[in-house]
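Engineer: Next up is a structure, given as structure tokens.
The values are calculated or read from the model by the stated rules, or taken from the named source; none is laboratory data. Keep in mind that what you see is a predicted model, and the values were worked out from it rather than measured. Here the Cβ positions follow ideal geometry from the backbone for every residue, glycine too, while neighbour counts run over all protein chains shown. Ligands, DNA and RNA are stripped out before the accessible areas are found, and what is left, the full protein with its side chains, is counted by its heavy atoms. Shrake-Rupley method; radii C 1.70, N 1.55, O 1.52, S 1.80 Å.
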Amino acid sequence: MPRKNPAHEHFEKRLPQKLFTQNYPGLILKNEIQGIELVGEDDEHFYVKSGAGENWHEFVVYTLKQGWAGLENLSLIPGNVGASPMQNIGAYGVEVKDRFHSLDAYEIANGKIKTFDAAACAFGYRESVFKRGAKDKFIILNVTFKLFKKPQLNTSYGAITDELKALGVTDPGIEDVSRAVINIRNSKLPNPAELGNAGSFFKNPVIPQAEFEKIKSAHPDIPNYPAGEGHVKLAAGWLIEQAGHKGKRTGNCGMHAKQALVLVNYGGATGEEVYALSTAVKKDVFEKFGVELEREVNIV
Ligand code: EPU
């Protein structure tokens with residue numbers, strides 16, 4: 001049954017993946033639901049269910065150790081399992097939506113548990129229904145992944161091939177790919193245990209082809225990727241670097257020296273400071289390129 005008290009009312013509006021810019025007077029719950037279970041299999045797949053509070057990377061490592069393939073490219077992403085579908089986390093050519101089967105979520109308004117399949121999650125680039133129509137209405141309890149019996153390695157991302165070569169691996173398995181991804185991430189992304197950060201702070205912007213052509217004529221080196229239907233995806237890290245924010249510290253926070261897309265907290269930065277820096281970065285990128293950056297996180 002739904003609880004009716006003021007703290008609950010506040011909680012309805014607050015779920016993870018938030019940047020708090022002010023003191024919050026309500027109740028905040030941290031989801032610690034644990035447990036990993038093989039819940040089914042067919043000829044090609046293992047179906048693996050994980051509690052939403054499991055640490056993502058520990059979950060990935062566990063699946064790889066069992067020989068359950070598919071999450072190797074998503075190694076070392078900070079956060080918990082429950083946040084992975086909300087954000088449709090992705091790296092090195094793989095997104096959670098590609099390995100997702102279903103999830104169970106608690107509906108705050110009526111206390112019922114609802115199951116979402118991939119279609120119901122309406123996944124997009126760093127997007128899902130939980131950031132749109134179902135925003136703030138559900139608490140994700142567990143997620144079931146559809147993993148492979150026979151590995152389907154995705155090493156098309158250039159840096160993975162190079163790293164496997166550097167490791168002397170000629171016939172890679174899932175744990176080798178995971179090792180390569182871990183090495184690449186460690187080389188440019190700061191460890192949250194040492195330097196506060198939440199990975200990329202902005203999404204890579206997707207813009208119409210015509211707009212892209214104009215920017216490209218002034219900046220021929222601009223990295224770009226086809227994004228379907230006359231659209232082009234730009235690298236926000238490159239835009240931020242060109243706008244002069246790479247490695248620049250503003251008070252207690254700044255954009256990382258090795259990856260300008262990652263906003264880092266050097267210690268003691270308040271939510272307000274983080275928000276102000278992100279606003280300054282957005283403004284400078286817009287002034288230079290006419291491109292609007294969108295934050296990955298929700299702001300409270
Ligand atoms: N670049 C720069 N300067 C920088 C950073 C990047 O010029 O400071 C250029 C790179 O040289 C490259 C391009 O931008 O040409 C793309 O950079 P990179 O390959 O590092 O990836 P990204 O687009 O910055 C995305 C994801 C990451 C994911 C990597 C690898 C987003 C918002 N970010 O970053 O995901 O790990 O690709 O697949 O899509 C996250 O979302 O938190 C995250 C870390």
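Engineer: Please count how many residues of region 83-109 are assigned to a loop (DSSP other than H, G, I, E, B), open to solvent by 10 Å² or more (accessible area, probe 1.4 Å) and more than 10 Å from the ligand (Cβ to nearest atom).
Structural biologist: Pass one, region 83-109, residues assigned to a loop (DSSP other than H, G, I, E, B): 88-89, 92-93, 108-109.
Within this subset, residues satisfying the condition of being open to solvent by 10 Å² or more (accessible area, probe 1.4 Å) are 89, 92-93, 109.
So of that shortlist, the ones also more than 10 Å from the ligand (Cβ to nearest atom) come out as 109.
Selection size over region 83-109: 1.
Engineer: Is it true that Ile89 is in contact with a helix residue (DSSP H, G or I) (Cβ under 8 Å, 6 or more places away or on another chain) and farther than 20 Å from Pro192 by Cα? Steps first, please.
Structural biologist: Numbers: in contact with a helix residue (DSSP H, G or I) (Cβ under 8 Å, 6 or more places away or on another chain): yes; farther than 20 Å from Pro192 by Cα: no.
So Ile89 does not fit the description; no.
Engineer: Need pairs with beta-carbon distance below 8 Å; first residue in the same structural domain as Lys49 (by TED's automatic domain parsing) and within region 65-83, second in a loop (DSSP other than H, G, I, E, B) and of a type in the set (Val, Ile, Thr); sequence gap 6+ or separate chains.
Structural biologist: Leu74/Ile89; Ile77/Ile89; Gly79/Ile89; Gly82/Ile33; Ala83/Ile89
Engineer: Further, regarding this structure: Answer with yes or no whether Pro192 is in contact (Cβ under 8 Å) with a residue 60 or more places away in the chain, open to solvent by 40 Å² or more (accessible area, probe 1.4 Å) and part of a loop (DSSP other than H, G, I, E, B).
Structural biologist: On the way: in contact (Cβ under 8 Å) with a residue 60 or more places away in the chain: yes; open to solvent by 40 Å² or more (accessible area, probe 1.4 Å): yes; part of a loop (DSSP other than H, G, I, E, B): yes.
Judged against the criteria, Pro192 is a match.
Engineer: Right, here's the next one. Taking Gly228 and the conditions (1) open to solvent by 30 Å² or more (accessible area, probe 1.4 Å); (2) of a type in the set (Gly, Ala, Ser); (3) under 18 Å from the mean Cα position of the chain (by Cα), which numbered condition does it fall short on, given that it satisfies the others?
Structural biologist: (3)
Engineer: Moving on. Pick out the one residue from Thr155, Thr115, Thr144, Thr161 that is closer than 23 Å to Ala52 by Cα, free of Cβ contacts under 8 Å to residues at least 60 places away in the same chain and either in contact with a Ser or Thr (Cβ under 7 Å, 6 or more places away or on another chain) or not assigned by TED's automatic domain parsing to the domain that holds Asn88 (or both). Working first, answer last.
Structural biologist: On the way: Thr155 fails: closer than 23 Å to Ala52 by Cα; Thr144 fails: free of Cβ contacts under 8 Å to residues at least 60 places away in the same chain; Thr161 fails: closer than 23 Å to Ala52 by Cα.
None of the others qualify; the one that does is Thr115.
Engineer: Shifting gears a bit: So in region 205-222, with the set limited to residues that are open to solvent by 40 Å² or more (accessible area, probe 1.4 Å) and part of a loop (DSSP other than H, G, I, E, B), which one is farthest from the ligand (Cβ to nearest atom)? Let's see the steps before the verdict.
Structural biologist: Within region 205-222, the subset open to solvent by 40 Å² or more (accessible area, probe 1.4 Å) is 206, 208-211, 213-214, 216-221.
Pick out the ones that are also part of a loop (DSSP other than H, G, I, E, B) and you get 219-221.
On the way: His219: 12, Pro220: 14, Asp221: 9 Å.
Of everything passing the filter in region 205-222, Pro220 is farthest from the ligand (Cβ to nearest atom).
Engineer: For region 38-56, give me each residue that is surrounded by fewer than 18 Cβ atoms within 10 Å (Cβ to Cβ), touching a Ser or Thr at 6+ places or on another chain (Cβ under 8 Å) and not aliphatic (A, V, I, L, M).
Structural biologist: Tyr47 - this is the single residue of region 38-56 that is surrounded by fewer than 18 Cβ atoms within 10 Å (Cβ to Cβ), touching a Ser or Thr at 6+ places or on another chain (Cβ under 8 Å) and not aliphatic (A, V, I, L, M).
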